[in-house]
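Peer 1: Sharing a structure below in structure tokens format, with a few things to ask.
The values are calculated or read from the model by the stated rules, or taken from the named source; none is laboratory data. All values reported here derive from a predicted model rather than from experimental measurement. Glycine gets a Cβ as well: all are built from the backbone with ideal geometry, and neighbour counts include every protein chain shown. Just the protein is used for accessible areas: all its heavy atoms, side chains included, with ligands, DNA and RNA removed. Shrake-Rupley method; radii C 1.70, N 1.55, O 1.52, S 1.80 Å.
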Amino acid sequence: TTYLTRLGPLGRALEAADLAVQVCPEGESALAAVEAAAPSLIICEAMCPRLNGFTLRERLQTNALWNTIPFILVSHRKNEDLIRKAVERDIRHFFRKPVSLTEVVGLAVNLTRKASA
């Protein structure tokens, strides 16, 4: 399962690649969903409501099981400050929107394949 804050074109592209997608409208519900059942991948908006992507990542890092979930961050804003924040939180995949659907879906497929191997 991949968690997103909105379905949109990315969610539909992930589903077309046979990935299960669960949409969480904001960060707190995403954290609750992870607590209920850890996904194989998280794709998160950097500035999602109630719990932004950076804080969500920090909270996930406090649990050894959740810390290993691949995490992709997306944002309309991607500047030096936000890149630094991502690096500090060990976010390895940070895409500026609009994203290349082929690139992000390809990465998601590869990351979930590694996680299930």
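Peer 1: Within region 26-51, which residues are within 19 Å of V99 (Cα to Cα) and not acidic (D, E)?
Peer 2: L41, I42, I43, C44, A46, M47, C48
Peer 1: Find all pairs meeting these conditions: Cβ atoms under 6 angstrom apart; at least six residues apart or on different chains; first residue within region 88-115 and more than 16 Å from P70 (Cβ to Cβ); second residue small (G, A, S).
Peer 2: Sorted first by the residue in region 88-115, then by its partner, the pairs are L101/A13.
Peer 1: Let me ask something additional. So which residues in region 91-107 are open to solvent by 70 Å² or more (accessible area, probe 1.4 Å) and in a loop (DSSP other than H, G, I, E, B)?
Peer 2: Once the filter is applied, which keeps residues that are open to solvent by 70 Å² or more (accessible area, probe 1.4 Å) and in a loop (DSSP other than H, G, I, E, B), region 91-107 yields R92, P98.
Peer 1: Could you list, ordered by first residue, the pairs with Cβ atoms under 6 Å in which the first is in region 6-27 and over 22 Å from N52 (Cβ atoms) and touching a residue at least 40 places away in the same chain (Cβ under 8 Å) and the second is hydrophobic (A, V, I, L, M, F, W, C) and open to solvent by 60 Å² or more (accessible area, probe 1.4 Å), at least 6 apart or interchain?
Peer 2: From region 6-27, the pairs are A13/L101.
Peer 1: While we're on this one: Of everything in region 52-67 that's of a type in the set (A, V, I, L, M) and more than 13 Å from the chain's Cα centre (by Cα), which residue is most open to solvent (accessible area, probe 1.4 Å)? Before you say what the answer is, go through the steps one by one.
Peer 2: Residues of region 52-67 that are of a type in the set (A, V, I, L, M), as a first pass: 56, 60, 64-65.
This time we only want the ones that are more than 13 Å from the chain's Cα centre (by Cα), so: 64-65.
Values: A64: 84, L65: 133 Å².
Checking each candidate, the answer is L65.
Peer 1: A further question follows. Could you list, in sequence order, all residues of region 28-50 that are buried (at least 19 other Cβ atoms within 10 Å of the Cβ) and at pLDDT below 90?
Peer 2: Matches in region 28-50: C48 only.
Peer 1: Quick one: L82 ticks every box in (1) buried (at least 18 other Cβ atoms within 10 Å of the Cβ); (2) under 20 Å from E26 (Cα atoms); (3) under 15 Å from the mean Cα position of the chain (by Cα) bar one, so which box is it?
Peer 2: (3)
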